[in-house]
1. What residues have an amide H closer than 5 Å to that of F35, excluding those fewer than 5 places away on the same chain, when H is modeled at 1.01 Å from N in the peptide plane?
2. Which ³J(HN,Hα) values, rounded to whole Hz and listed in residue order, are derived for the stretch 119-124 from phi using the Karplus coefficients 6.51, -1.76 and 1.60 in 6.51 cos²θ - 1.76 cosθ + 1.60 with θ = phi - 60°, glycine and proline given as x?
3. Given a Förster distance of 35 Å, report the FRET efficiency between L48 and R68 from their Cβ-Cβ distance, rounded to the nearest 0.05.
4. Take each of the peptides 5-11, 100-106, average the number of other beta-carbon atoms within 10 Å over its residues, and list them starting from the highest.
5. Of the listed values (i) 45, 30, 23; (ii) 55, 29, 23; (iii) 48, 25, 20, grab the one calculated as Cα extents along the principal axes in Å from the structure here.
6. How large is the dipole of the chain about the Cα centre if only Lys and Arg carry +1 and Asp and Glu carry -1, each at its Cβ, rounded to the nearest 20 debye?
7. Once both labels are modelled 7 Å past Cα along the beta-carbon direction, what's the L33-R10 spacing in nm?
8. Tell me, S123, S60 in order of fewest to most beta-carbon neighbours within 10 Å?
Amino acid sequence: MRVSPLLAQRLIAVPFLVLGLWCLLCPQMVERLAFRPDHYQGTTASALMIGCFGAQAVLSGLFATFSRFTRTTFLVYAIALLPFFWFNYWFVYVVPVLSGWMALDFAANILMLALCVAGYRNSAVETQ
């Protein structure tokens, strides 16, 4: 099945919107699940930080939904995703702050990277 560039960019928005809304609306739950017990804070300030993180993710999801990605946008987006894989690895395994629930973030990043590749490839097809 061929994924059109427009569908790819809208699907890229989904993890931002879903996970971002979860952080925005349920920051205490996200903190309890995402952080290992020895790093869990459970304070109003930590909930505020996670909520702000969620708001930024929702904003990114809205931009991805309502903008028009070019071939270059997909390429730059894919490159920009790469440090997140290092982040997930580092803070789950090397400096274990985050829990196994970060597999959700890892899976979302894999999905978005694959969609960037599809969008990049299929943008070339549509311009010909």
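Rule-based calculations on the coordinates, nothing more; no lab input. Every value quoted in this text rests on a predicted model; they were computed, and no experiment measured them. Neighbour counts run over all protein chains shown; Cβ positions are idealised from the backbone, glycine included.
1. S99
2. x, 5, 5, 7, 5, 5
3. Numbers: r = 34 Å, r/R0 = 0.96.
About 0.55, to the nearest 0.05.
4. Working: 5-11: 19.1, 100-106: 14.6.
Highest mean packing first, the order is 5-11, 100-106.
5. So the structure-derived entry is (ii).
6. Numbers: 7 positive and 4 negative charges, 74 e Å.
Value, rounded to 20: 360 debye.
7. Simple spin-label model gives 2.6 nm for this pair.
8. Ranking S123, S60 by Cβ neighbours within 10 Å, fewest first, gives S60, S123.
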